[in-house]
Amino acid sequence: MARNFVYRTAPLLVAAACTGSSAQTTADTDPTTGTSGGETTTTGGPTTTAPTTGTPTTTDAATTDATTTDGTTTEAVTATTSETTTTGTTGTASTGDTDTTSGTTGETDPYLEAEPLFAFGAVAEFDITLSDEAIAALNADGKKYTKGDLVATIDGQTYELPEIGVRLKGNYGSYRTLDQKAAFLLNFDRYVDDQLLLGLEKLAVNNMVQDCSMQQEILGYMLFRDVGIAAPRAGHVIVRVNGEPYGLYTAVESVDNEPYLDHWYGSDKGSIYEGAYGSDIHDPLVPSFDQDNGDDIGFADLYEFAAALDTMNDPATFVVDVAAVLDLANYLDFAATELYLGHWDGYAWTKNNYYVHRPQEDGALWTFMPWGIDQILRDHLDPFGGQGRLAQMCAASLPCRELLADSFDHVLARVEALDLAGAAAELGASIAPAVAADPRKECDDHVNAVAANVDFFMQRAASVEAGLACTVPSDVDVDGDGFSACTDDCDDNDPAVHPGAQEVCDLDDDNCDGIWDNDPLCPHCVEKDLPGPGTAQLCFVALPFAEAEADCVAQGGHLLAIPSQEIQDWAVAEAFAVAGSDWWIGLNDIDAEDDFVWTDGTPLGFTAWNEGEPNNVGEEDCVNLPTWSAGLWNDLVCDTPLPYICQTP
């Protein structure tokens, strides 16, 4: 059945407008924990922590109802004694801690022991102590572990863990040094055998410098788990280092923690590979993965996975073929959740920030897990778009598109049941004091950022449904010209615009080749008056940087220099009005790294770099105005073809 079509073109990226474990519940789902259904029971009597975390403290306590963050109902125990602190190699203390008996099987589930750390709205405290030698080591190489001590205060309990492993974490946009708001990876048993924190061996402590709302990881992972995808739990924590306040962080459990794997997969055995930027299930790219769990077999299982995909050349049989190696239902739910959340930096859209997992048993299927979701809830991504190999293979297969549409329907239903808009507002209000007190936060717009998250959840269902109109692309041909708006027709309201049509020099793309007026008889630039003296040529035929500069010189000028905020604002507004793409300007460091100069010799005074730029990832020596940063400057590989702005007399 055809779905209603709304958008002019379906492959569309629309920018979005920019103290305890108790929680409100609904009849369907608890919006604060990301769980659905289930009956809560209350049981009195003594409780203990799981024996794997060391010697517990036993307490007779009353119990209160609570729901876990992973979709399992359990018993939360209210302590009736004063706070207890345990020191030593176990690193655990318990006075009326969460009961670790599974509410569904009756068996001990160590995964539940960490629930107090990840309780919705709760804020734990981490005091990290580093010696002078440890600080020097982290300053020399932040990605290498060094020794530190941790005192964690979680739900009123204090846990002392000596000699844990501490290193810094983050990549191009989020890595910070110790004199900034550094992010941390904590490994509790790196130097002390079997030392755990509430059953956890490792924990990421993320600085949220790319998330002004300081809540996206908590909300996003909540949705993944509620959909049924294995995903980390996350909770807020205030961090101090050697007594100095570092501010509010998100603590995220590592996916190779044994209780996590046992809980989601029934075993901690099996392969886990982390995909970094550009990693995909393709033979030449297999070595780009990092192995986080399982026997070292030289990526043999990943190579087999890639080889199996190589044999799947018929889109009509793709669904049947891929099901022999991939848990297809899991993948489609995973991809639908990524794309719903606008996770442009994940697997489906960009081939980044994800894990693949395969149990040890023969014939076991591959599954996907999310990671690095601190830049979500901004972009309304096309449900059938993306660069991931599996995303593209599914988009090419009509049966797979129909199954993916079903997964989107499932995700939309879970979002509604969770009331994620309400959860975002509630969480934003609960952490507001901690955000205000954060001395190292890099964004002062928390209130508006939370409001933007709420707006995203309110608006996203409509944009997803619009994209799902293209589930069967041939159903969408409004102008009846024989070309689908979902795949070929760049203007489905005009029968004169379609692939193969004649360009008519009207500042439009009549033949749908992606280039305006792509005909030798048509001009390739739009002339505009600059603020102050001179004119600008906004040239919409994409060229590499050197060719763009040569064309500007041929027109009697150079690529645009931006010496002021006035020219910056003008350039962004005028260029994006001509074409919603990235644009070259004249700044570059081709001759000397980090020595940026304008091609016309204008002295470099004013700058408008985007956060984390320039970062020179892959020899990026030329500067552009990107749409994704609202025109704040980004360095880019100079051979990239882009439209460009010339400054002429």
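Every number in this text was worked out from the coordinates using simple rules, so none of it is lab data. All values derive from a computational prediction rather than experimental measurement. Neighbour counts run over all protein chains shown; Cβ positions are idealised from the backbone, glycine included.
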key: Leading residue at positive end of dipole, region 203-301 (Cβ point charges), from 255, 213, 265   = 213
inquiry  = Compute and list, largest first, the equivalent-ellipsoid semi-axes of region 180-325 from the alpha carbon gyration tensor, each √(5λ) rounded to a whole angstrom.
reply    = 34, 19, 16
inquiry  = Bin width 10 Å, origin at 0, all Cα-Cα pairs of region 326-416: what percent of pairs per bin?
reply    = 18, 52, 27, 4, 0
request  = Using just the alpha carbons, could you tell me how many Å³ per residue the convex hull of region 525-648 encloses?
outcome  = 95 Å³
inquiry  = How large is the translational diffusion coefficient of region 340-481 in µm² per second when you combine the Kirkwood radius over alpha carbon pairs with Stokes-Einstein at 37 °C and 0.692 mPa s?
reply    = 187 µm²/s
ask   = Between their Cα atoms, which of 143/181; 269/351; 143/441; 144/169; 143/351; 147/441 are more than 20 Å away from each other?
value = 269/351; 143/441; 143/351; 147/441
remark   = Counting only backbone N atoms under 20 Å from a point 7 Å out along Cα-to-Cβ of residue 409, the residues of region 456-470 in range are 460-470
ask   = If we sort 141-153, 575-587 on the protection proxy, mean other Cβ atoms within 10 Å, highest first, what's the order?
value = 575-587, 141-153
note = Going residue by residue through region 258-275, the Karplus relation 6.51 cos²θ - 1.76 cosθ + 1.60 with θ = phi - 60° gives ³J(HN,Hα) values, rounded to whole Hz and with x marking Gly or Pro, of 4, x, 4, 5, 4, 5, 8, 10, x, 6, 8, 8, x, 8, 10, 10, 9, x
ask   = Of all GluC sites (Glu not before Pro) in region 545-598, which ones are in loop regions per DSSP and have a Cβ with at most 13 other Cβ atoms within 10 Å?
value = 593
key: Approximate spin-label separation residue 594-residue 632, in nm, with each point projected 7 Å along Cα-to-Cβ   = 2.1 nm
request  = Kindly give the semi-axes, whole Å and largest first, of the ellipsoid equivalent to region 343-387, taking each as the square root of 5 times a Cα gyration tensor eigenvalue.
outcome  = 25, 12, 7
